[in-house]
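Worksheet: the structure to be examined is printed underneath.
The values are calculated or read from the model by the stated rules, or taken from the named source; none is laboratory data. Please read all numbers here as calculations on a predicted model, not as lab measurements. Quick reminder, even Gly has a Cβ in these numbers, built from the backbone with ideal geometry, and neighbours come from all protein chains shown. Areas reflect the complete protein model, heavy atoms only, side chains present, ligands, DNA and RNA absent. Shrake-Rupley method; radii C 1.70, N 1.55, O 1.52, S 1.80 Å.
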Amino acid sequence: MPRTKPPRLNRRFRRPRRLLAKHEISLVVLLALVPVFLTLTLSFLWTVRHIEHQMAFLADATARRSEKILKVTETNLRQLAEHTSARCDLNALAFMREKVFSVLYIREMGIINDNRLTCNDIQRFTPPVLITDRESSKISESDGEITIVPPVATLQGGKSMLVNYRVDARNYVNALIDPDLFQEFHEYVRLGEVSSVFLVRGDGKAVISFGTMSEGDLPPLMESIPHQLQHRGKLFSVYKSGAFPLYAVVASSPAFILRQWRDQSLPLGFSGLFISVALIALLKSNRRRRSLLQGELWQALENDELVLHYQPVIDMHSQRCVGAETLVRWQHPEQGLLMPLIFLPAAEQTGVIRALTHWVVRRVEWELGAFLKNNPDIYVSINLSPSDLGCDGHKVGFEDLVIDLVPNGQIVYEVTEQSLIPDHVTSANDIMQSLRRRGAKVALDDFGTGYSSLSYLHRFPVDYLKIDKAFVDGIEDEAESASLVDHIIGIGHSLQFQLIAEGIEHLYQMRYLLKSGVQFGQGFFFSRPLAVDEFLVFVRERNKEVM
């Protein structure tokens, strides 16, 4: 049974007396006044240099991003060629499917023999599909090199850029890439309706183009071409890839530059003051709202307004309840019961999240400590944020995450893919290793929805792989499913993780997952999240029924 009084928040996690430093207010005012000074000092020369700088950044960034995408693609195509010798069989299909799933940039792969597509990562073609477009079947003159083909219509719909890797004179493998991947930086640097971005092969063929200008407007491209030049009355910025015969070209007309200077200088000079005043008011309002929300969250912790619900986890073989995931709720005095989606992002932004996690750990110990000690076959899982693993740059330890009154073997700590991205690998790994040395287990939550790659996933001390509800929803009936859930299950088995499926809502989903080797599941099909007393009753009745 729970102790008489709930635990209080550790002093180290008490709310700070001052939410924002005084110098932050001065900085906000200074930043808000920047538009005034900029608009008053703009000139034609500044406008030209500013746009040239934007064009150079965009061209260089596009060249670097393109080189990165193509290097990754070339490496994986080489592996495909070596693994399959450009021959289709079940092993080749499985290899391509794994690559398409695990490599961020590749949307499809295929094997071509004698100018006929014999298979891709989706299926084998009987008979093979003849490729009639000469540009699409263009390959290098040398084995082991790639050729880039402008976007073409594909069998799966839409258009994709092709990267053809020559195996020999009669066979090649290819990868399909979303053209929009190459315009990522164009979204951040908008030069106007007359600006254009090109990706051009060494032979002068534009393989990617965004904007209103045509390929005929391009200047002759050569190794010694300068980064900035004018051609036919238009301004160009050109950067060449270091690894491939590929040029990133950004174009803009002088008329556009003149219009930018004329349209922006005078009107913005008069409106700058108004914008700055509005910006100051907005920043003050945001600061006040942030302070109020931070204060409310601290107050919720100190006044014990938060509650825990427990989502049962079921062993789908035995149908016994073997554990639960803790889910925090806010019993707001005015707005009622608030779900985590409403306040957890704010907790992350305002720095309250670590105190919130500490509260959850102590609350679980208080509510379920005795129950777990008396039921060693039941575990409880606790969600950790990236901040709990030191991913926000602050030094943290694992001590605040430990439940002292419960055997550590009955504790599972859930982390998300965001916590495992390369920039955070050392801190996250240290915390996870420390917890596992005490006997606890680690589950990777939401796998497949972030950016983790298989190349470094095995480096982390993970015991469970949780299959996100989005993939469980793709199961169509007891016999078929969306291919992604099968890939994830296969990955989990290959890495020897135990699998937990989230969001199970139908009997056919449970049966399909069970047949596919997934032992554990949670979701509304079994039970909604329960308050602690309801959860204890659920476990007793559920496990009594299946004995």
**Report entry** Among the candidates S381, S318, S385, residue that is open to solvent by 10 Å² or more (accessible area, probe 1.4 Å), within 25 Å of E541 (Cβ to Cβ) and either small (G, A, S) or at pLDDT below 85 (or both)
**Finding:** S318
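To keep it simple, each residue is scored yes or no on (1) modelled with pLDDT of 95 or more; (2) surrounded by fewer than 22 Cβ atoms within 10 Å (Cβ to Cβ); (3) part of a loop (DSSP other than H, G, I, E, B); (4) at positive phi.
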| position | (1), (2), (3), (4) |
| --- | --- |
| T126 | no, yes, no, no |
| E135 | no, yes, yes, no |
| E141 | no, yes, yes, no |
| L155 | no, yes, yes, no |
| M161 | no, no, no, no |
| V167 | yes, no, no, no |
| N174 | yes, no, no, no |
Report summary line: Subset of the range 211-266, residues at pLDDT 85 or above, assigned to a loop (DSSP other than H, G, I, E, B), surrounded by 14 or more Cβ atoms within 10 Å (Cβ to Cβ) and not small (G, A, S), comes to L218, P219, L221, I225, H227, F244
Report task. Return yes when L191 is modelled with pLDDT of 85 or more and touching a Ser or Thr at 6+ places or on another chain (Cβ under 7 Å) and no when it is not. Result -> no
Query raised in the report: Which of the following residues is at pLDDT 95 or above and in contact with a strand residue (DSSP E or B) (Cβ under 9 Å, 6 or more places away or on another chain): L70, L77?
Result: L77
Requested in this report: Name, by its number, the condition in (1) crowded, with 19+ Cβ neighbours inside 10 Å; (2) touching a Ser or Thr at 6+ places or on another chain (Cβ under 8 Å); (3) in a helix (DSSP H, G or I) that does not hold for N91.
Outcome: (1)
Report task. May I ask you to list pairs of residues, at least six apart or on different chains, whose Cβ atoms are under 6 Å apart, with the first in the range 153-171 being of a type in the set (S, T, N, Q) and the second being surrounded by 12 or more Cβ atoms within 10 Å (Cβ to Cβ) and not in a strand (DSSP E or B)? Result -> S160/T154; N164/I139; N171/A86
Query raised in the report: Taking the stated definitions as given, is K138 touching a helix residue (DSSP H, G or I) at 6+ places or on another chain (Cβ under 6 Å) and among the basic types (K, R)?
Result: no
Report summary line: Apart from one, (1) assigned to a loop (DSSP other than H, G, I, E, B); (2) farther than 26 Å from R436 by Cα all hold for W298; the odd one out is (1)
Query raised in the report: Taking the range 337-380 only, how many residues are outside any helix (DSSP H, G or I) and of a type in the set (K, R)?
Result: 0
